[in-house]
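The values are calculated or read from the model by the stated rules, or taken from the named source; none is laboratory data. Small disclaimer: the values here were computed from a predicted structure and weren't measured. In this analysis, Cβ positions are derived from the backbone assuming ideal geometry, glycine residues included, and neighbour counts consider all displayed protein chains. With ligands, DNA and RNA removed, areas are computed over all heavy atoms of the protein, side chains included. Shrake-Rupley method; radii C 1.70, N 1.55, O 1.52, S 1.80 Å.
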Amino acid sequence: MDSRQRMEYSRDKKLLLAIYFLFYFAVFLFFAIDHRLLAQIQPVVFHYNRDLTELVVIGTGLPRFMIVHPLCFAAADTLAFLLPVALFIYAIRRRRFSPWLGGVFTLFLALYLLLADLFWQVHLEPFILYLLLAFAFLTNRADRFYSILAGCRYYFLYLFVSAAIWKIARGAVFNGEEMSRILLVHHSDLLSGDCIGFSCRVYSWLIDHPGVAQLFYLGGVALEAVFFIGFFTRRFDRLLLALAVVFVAADLLVMRIPYWTILLGGITLWIDTRPRQPVMVVYETTHHENLPALLDGCDMRFPRVVVFLPAISYRNISGTGTPESRWPRTEFILQAEGQSNRAFIRQIFGYLRRHRCSHLHLSTLDNNLLVFSLRLWVAGSLHVSLTVHEVNEYFAYAFGSWRDRTESFAKALLHRRIRHYTFFLPAMADRFRQRMPRATAVFIPSRFYSSREWDQQETFSIVIPGSVDPNRRDFGFVVECFRCWQPPRPVRLVILGDSSTPYGQEITTKLRQLESDLFRLQYYTEYVPETVYEAAIRDASLLWSPLRVHKKSSRNSPEIYGQTTASGLTADLLLNNIPALAPAEFILDDPFRTALLPYASVQEAVVSLQRLLTDDSYYAGLRQEIDRAFSFFTKEHFQQAFDALTGFDALTGFYKEA
């Protein structure tokens, strides 16, 4: 058993312990409330039932001995509470079961149930699962543990299916007055009185309308029969669990039978005994430019990688070659045209469930937070990690609208469910650790750097990458720089974003008015394909990012570029060893800082531009320095961070327990 399986086994043991003893103590609590503990039985007599095991107990003389020594009843009740406490504490502290404690508890539980049936005629059927599941506490081997759960699962299914078969075999489903007769007999205590209560009147109405009552009966039989499918597939186990809850609730309302004790068996439908497969599933929506490094890391650690993303993101993951040629072991599943986001999300989680994938990484999570949070909470032992793009927004709560309230609730769930995070800047990871110290927060860049040769070009190409958005970039500053500066040699300014917006048209109009023999403007009025985007940056002499460092997130949370959120510049820089003009407020950690040329005013920006165009030795030395600094951004340097993100232990080759 590798540690990936050990992680799942450990989680499933803890879950079984929690659910089992939650039900166990609830049962005994209700026993005490109903005065049905052994010490509460009055009069103290036992019955000769037609059951071989009970006759064996009677043959030992134990019931007679307990009647003669009444303290034995109190001792039995005390052990019924203390034994599971000891078993639970041992399992939590040692992270393993105690076989001898488990054996003592199992034998004692069997004896207690037999005595309860002897002394006050308890029906044993709802409690058989409690005895069967207790056998899981006798072993510390995962294969035996899951075999016991699988056997208990079949018994839980059998409870429903056998009830349906019995009702069909005895012809009750064909008797139109069957349900009316059952209601009349079962609720005779209510019906014999004034019958002024709401429930009594409902029961009377159903008895007087046998056709309607029989529909309830047929619906119950059909619901029980549906569990037959569980003998052939686990695909619908979560649905069957929900149907079991519905059946128990309906039984309580219609028949006044508190049959909730059997729902303990639902844990066998919740825990999937199939081992998870080492498959990384990646979900991406809009920030496809951040996938290359993640996929490179996955390619080294996972035998299979599956990426779910829209078609436009797929076409623009890489500007060189097709995604299949760059990542041959990766399967890309595209969102169909016209397919809604929620339908696509259902497709992802259906894939995770069918293939028992071990890992899910959410590369972008900016919508449908509640859908994801709820689905992740029922995803079992799936290892989930998340790329956080805006730190403050991830911890921001708002309650002004329904969407704000649902997203705030979803964030609370996500904070508890996801414990592994990745960021595009070290400062972002540091800020995050201050807010969530127990989480794993690592810095992994958008892509890795490859050194390349460069030749000095006659035309100096200045590229401004990113969206032409007045909330993110101050293009007015760029206009002011070119108004007061005459380039000493030909310059081409490339606005590498869609400039078709009103703001974009305003800026391009102003810049075109400044064109001359030494200054030319190039811009785009549509989405820029990744091949064109990367080619422009690789051919650039200088990047310019006129950021508004303090900005608002999409949900109006304050963010700081370089500290709580990352600009696309951090990805663009790694495409080439070229410097970048940026505001002095925009602070990046090393090695990114090597490429930055900060400015605090138009004059400082112009001085930097002038020197870059006139001092060739300075420019060449700067590019060499950037190339040396960026040699840090290789897969080897970030393998340890990727292993921490995915829980991989490089020494053993297995995945650590989360």
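Using only alpha carbon positions, build the gyration tensor of segment 463-602, then give the equivalent ellipsoid semi-axes as the square roots of 5 times its eigenvalues, largest first, whole angstrom.
The equivalent ellipsoid of segment 463-602 has semi-axes of 23, 18, 16 Å.
At 1.4 Å probe size, put LYS510, LYS551 in order of accessible surface, largest to smallest.
Greatest to least solvent exposure: LYS510, LYS551.
Using label points projected 7 Å from each Cα along Cα→Cβ, tell me how many nm separate TYR90 and ILE168, to one decimal.
About 4.5 nm separates the two model spin labels.
Could you state the number of Å between the C-alpha centres of segment 418-461 and segment 296-324?
Here the answer is 19 Å between Cα centres.
Let me check against my output: what whole-number percent is the relative contact order of the chain, with C-alpha pairs under 8 Å and at least 6 apart?
The normalised contact order for the chain reaches 11 percent.
Listed highest first by mean packing, meaning other Cβ atoms within 10 Å per residue, what order do 512-521, 23-32 come in?
The peptides rank, most packed first, as 23-32, 512-521.
May I have the pair-distance distribution P(r) for segment 507-546, computed from all Cα-Cα distances with 10 Å bins from 0 and rounded to whole percent?
21, 50, 28
Given a 1.4 Å probe and heavy atoms of the protein chains only, how would you sort LEU55, LEU263, LEU129, largest accessible area at the top?
LEU55, LEU263, LEU129
To the nearest whole percent, what portion of all C-alpha pairs in segment 147-186 is separated by more than 12 angstrom?
Considering segment 147-186, 67 percent of its Cα-Cα pairs are separated by more than 12 Å.
Determine the dipole magnitude for segment 161-223: charges of +1 sit on the beta-carbon of Lys and Arg, -1 on that of Asp and Glu, nothing else is charged, the reference point is the Cα centre, and the result goes in debye to the nearest 20.
About 220 debye.
Any chance you could list P(r) for segment 309-394, counting all Cα-Cα pairs in 5 angstrom bins from zero, rounded to whole %?
In order of increasing distance, the bins hold 3, 11, 19, 23, 22, 15, 6, 1 percent.
Which of the trypsin sites (Lys or Arg not before Pro) found in segment 74-125 are loop residues per DSSP with 15 or fewer other Cβ atoms within 10 Å of their Cβ?
Passing sites in segment 74-125 are ARG95, ARG96.
What's the whole-number percent of alpha carbon pairs in segment 217-266 lying beyond 14 angstrom?
The answer is 53 percent, as a whole percent.
Can you give the alpha-carbon Rg of segment 1-87 over 2.2 N^0.38 Å, where N counts its residues?
On the way: Rg = 18.2 Å, N = 87, 2.2 N^0.38 = 12.0 Å.
Compactness ratio reported: 1.52.
Quote the charge dipole size of segment 214-370 about the Cα centre in Debye, to the nearest 20; the model charges only the Cβ of Lys and Arg (+1) and of Asp and Glu (-1).
Values: 16 positive and 12 negative charges, 77 e Å.
Around 360 debye, computed over segment 214-370.
Once you have the Kirkwood Rh of segment 548-649 from its Cα pairs, apply Stokes-Einstein at 4 °C and 1.567 mPa s and quote D in µm²/s.
D, rounded to a whole number, is 83 µm²/s.
What FRET efficiency comes out for ASP404 versus TYR351 if R0 is 25 angstrom and r is the Cβ-Cβ distance? Round to the nearest 0.05.
0.20
Considering only protein heavy atoms and a 1.4 Å probe, what is the carbon-and-sulfur percentage of the accessible area of the chain?
It is 59 percent, rounded to a whole number.
Take the Cα coordinates of the chain, assign each an equal point scatterer, and use the Debye formula without solvent to give log10 I(q)/I(0) at q = 0.08, 0.11 Å⁻¹.
Evaluating at q = 0.08, 0.11 Å⁻¹ gives log10 I(q)/I(0) of -0.76, -1.13.
Taking each pair of distinct Cα atoms in segment 178-235 once, what is the resulting Kirkwood hydrodynamic radius in Å?
Result for segment 178-235 stands at 13.0 Å.
Can you tell me the accessible area per residue over the chain, all protein chains present, probe 1.4 angstrom, in square angstrom?
Values: 30710 Å² over 658 residues.
It amounts to 47 Å² per residue over the chain.
Where in the chain are the helices, taken as whole DSSP H runs, whose Cα atoms extend 20 angstrom or more along the long axis and whose Kyte-Doolittle mean reaches at least -0.5?
Correct list, ordered by number: 3-33, 71-94, 99-120, 142-169, 210-226, 237-255.
Which residues among segment 154-184 fall inside the zone where the amide N is under 20 Å from a point 7 Å beyond the Cα of ARG235, along Cα→Cβ?
Correct set: 154, 157.
Hey, can you rank 153-164, 345-356 by average C-beta count inside 10 Å, highest first?
Final packing ranking: 153-164, 345-356.
Only bridges whose two residues both fall in the chain count here: according to DSSP, what percent of them are antiparallel, nearest 5?
In the chain, approximately 15 percent of DSSP beta bridges are antiparallel ones.
Distances longer than 25 Å among the Cα atoms of segment 87-198: what percent of all pairs is that?
50
Regarding segment 252-337, what is the average projected area of its C-alpha convex hull, in nm²?
9.8
Restricting the calculation to Cα positions, tell me the Rg (one decimal) and the Dmax (whole number) of segment 168-272 in Å.
16.0, 51
Stokes-Einstein at 20 °C, 1.002 mPa s, Kirkwood radius from Cα pairs: D for segment 323-480 in µm² s⁻¹?
Translational diffusion coefficient: 112 µm²/s.
So if I place +1 on the C-beta of Lys and Arg and -1 on the C-beta of Asp and Glu, and nothing else carries charge, what would the dipole magnitude of the chain be about its Cα centre? I want it in debye, nearest 20.
Charge dipole, the chain, about its Cα centre: 1540 debye, nearest 20.
In whole angstrom, how long is each semi-axis of the equivalent ellipsoid of segment 473-512, when you take the square root of 5 times every eigenvalue of its Cα gyration tensor and sort them from largest down?
Whole-Å semi-axes of the equivalent ellipsoid: 19, 11, 8.
Determine by what factor the alpha-carbon radius of gyration of segment 430-543 differs from 2.2 N^0.38 Å, reporting the quotient.
So segment 430-543 has a normalised radius of gyration of 1.34.
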